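What follows is a set of notes on a single structure, which appears directly below.
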Amino acid sequence: MNSKNQDKMSEKTLDAELVEQAKQGKMAAFELLVNRYQQKVANVIAKFIKDRHEIQDVAQEVFIKVFRALPNFRGDSSFYTWIYRIAVNTSKNHLVAKSRRIQNTQVEFEDAESFLSNEDFRNLDTPDAVYSRGELEKTMSKAIAQLPEDLKKAIILREVDGLSYDEIAAEMDCPIGTVRSRIFRARDAIDQALRPLLADESLRREQHVR
Amino acid sequence: MSDKSKQNISELMDGELPNDCSRFLLKRMQSDEQLQSSWNNYHMLRSCLQQEHDAPLMDNLGAAVVKQLNAGVESIDTAAPNRFSGWMKTLAGASIAASVALVAVFTFNQDDLNSVQNSPVYAKTSQQFINPPNASMVRVEQPTGYTRYPSLTPQIQQYLSESNYQPQIPVYYNTEYVNRIIIQTRQKAQQNNTAEE
């Protein structure tokens with residue numbers, strides 16, 4: 001490893017920085033952390049739970065638990081290893097609680113009767129939200145498909161195969177600067193494609209709140 | 001927002017940005033919505049490419065989580081590590097159990113003390129007859145259900161109750177005659193005790 005690599009902030013150090021700031025109560029840092037690991041956590045939960053809405057609810061619960069447990073995170077293991085364990089335990093607990101709920105069906109009926117007055121039950125996705133999520137996935141897939149081949153290859157080598165910039169440069173037989181540029185341009189193309197859709201969605205959410 | 005800043009975000013999330021730039025960018029991102037939005041969208045692309053078949057595509061879950069944390073009672077203060085874990089919990093539980101047992105033992109023994117110390121007080125005048133002196137000390141006959149010997153049969157409990165050294169006499173029977181009987185009974189009991197010793 002050369003000295004230039006040593007000066008870089010590794011992904012593990014980046015996580016540790018965000019964790020440290022979140023511990024100090026900087027919620028913006030915690031938000032960046034959640035968005036960084038949201039999909040990995042959802043993938044873990046999906047191994048236990050099949051319902052997509054439940055997966056989202058449990059993912060949210062996992063990150064709330066993560067936030068509460070942040071003072072206990074000492075950084076001995078990687079942040080992902082730590083939240084992986086929390087995700088597995090939360091998923092298992094969710095399944096146990098769900099089986100209990102099924103056994104106590106009477107209680108479920110009572111909950112259903114108080115549906116309108118219960119805040120917890122109002123977090124269900126509206127048809128609008130389901131539609132916009134579908135649109136998001138479609139737009140994303142379309143934008144990826146439309147990427148020029150060199151950008152698409154670079155981003156897939158990075159995100160799917162998990163190669164480092166050096167390894168991608170070797171694989172694509174180009175300078176590392178070109179790899180940096182290609183990966184960024186691929187991401188930026190997706191960012192540009194998503195922005196109008198996300199702006200519409202946030203506008204719709206605001207109207208829904210009003 | 002410049003392309004350079006966005007490229008820095010791209011490199012930061014891959015661990016390819018120098019330390020000093022990374023720290024600066026992290027600080028800046030927390031107060032710049034455009035940069036946050038790019039971070040989220042870049043990660044959403046990652047999510048889409050890493051998404052497994054059964055899992056839904058996660059979209060800015062961080063905002064929902066932070067909103068819930070801010071709205072709820074959750075706070076980093078209340079999330080302080082629980083110092084009373086493991087053996088401390090066991091010890092605390094054992095202490096509580098021991099305290100309860102101790103209270104039970106003392107309460108039980110208090111009956112015996114009361115039987116000696118709080119001997120019945122009897123009214124001697126007509127006024128005292130209406131308002132007995134030191135009324136709280138007056139013995140009240142308890143049903144056998146409240147016996148100190150719950151494991152014994154009702155007959156034996158009755159026997160024990162009747163053969164007690166302090167006869168259960170209602171307060172309105174209070175006369176000098178009754179007092180004399182009591183004194184005699186006590187003397188007799190003491191004599192028996194001395195004889196046994």
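Rule-based calculations on the coordinates, nothing more; no lab input. Being a predicted model, the structure only gives us computed values, none of them experimental. Using ideal geometry, Cβ is built from the backbone for each residue, glycine included, and neighbour counts are taken over all protein chains shown.
Key figures for this structure:
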{"quantity": "A:K8 long-range amide H proximity, modeled H, under 5 Å", "calculated": "B:N19"}
{"quantity": "A:A145-B:Y177 pseudo-label distance in nm [points 7 Å out on the Cα-to-Cβ vector]", "calculated": "11.4"}
{"quantity": "Taking B:S31, A:S141, B:S47 and counting other C-beta atoms within 10 Å, the order from fewest to most", "calculated": "B:S31, A:S141, B:S47"}
{"quantity": "Members of B:K4/B:K27; A:K98/A:K138; A:K8/B:K27; A:K92/A:K152; A:K23/A:K98 lying beyond 28 Å, as alpha-carbon distances in this model show", "calculated": "A:K98/A:K138; A:K92/A:K152; A:K23/A:K98"}
{"quantity": "Spin-label model distance (nm) - B:Q34 vs B:N70, 7 Å beyond Cα toward Cβ", "calculated": "2.2"}
{"quantity": "For segment B:3-71: relative contact order, % (alpha-carbon pairs under 8 angstrom, 6 or more apart)", "calculated": "25"}
{"quantity": "Share of Cα-Cα pairs in segment B:3-71 lying beyond 18 Å, as whole percent", "calculated": "46"}
{"quantity": "Neighbour-count ranking [beta-carbon atoms within 10 angstrom, fewest first] of A:T90, B:T194", "calculated": "B:T194, A:T90"}
{"quantity": "Nearest-20 debye value, segment B:3-71 charge dipole, Cβ charges on Lys, Arg, Asp, Glu", "calculated": "300"}
{"quantity": "Fewest-first ranking of B:E52, A:E17, A:E149, using other Cβ atoms within 10 Å as the exposure measure", "calculated": "A:E149, B:E52, A:E17"}
{"quantity": "Selection from B:S47, B:L35, B:N60 lying farthest towards where the dipole of segment B:3-71 points positive, charges on Cβ", "calculated": "B:L35"}
{"quantity": "Overall form of segment A:1-93 per C-alpha gyration tensor (a/c, 1.5; a/b vs b/c)", "calculated": "prolate"}
{"quantity": "Modelled FRET efficiency - R0 25 Å, B:V103 with B:N192, Cβ distances, 0.05 increments", "calculated": "0.15"}
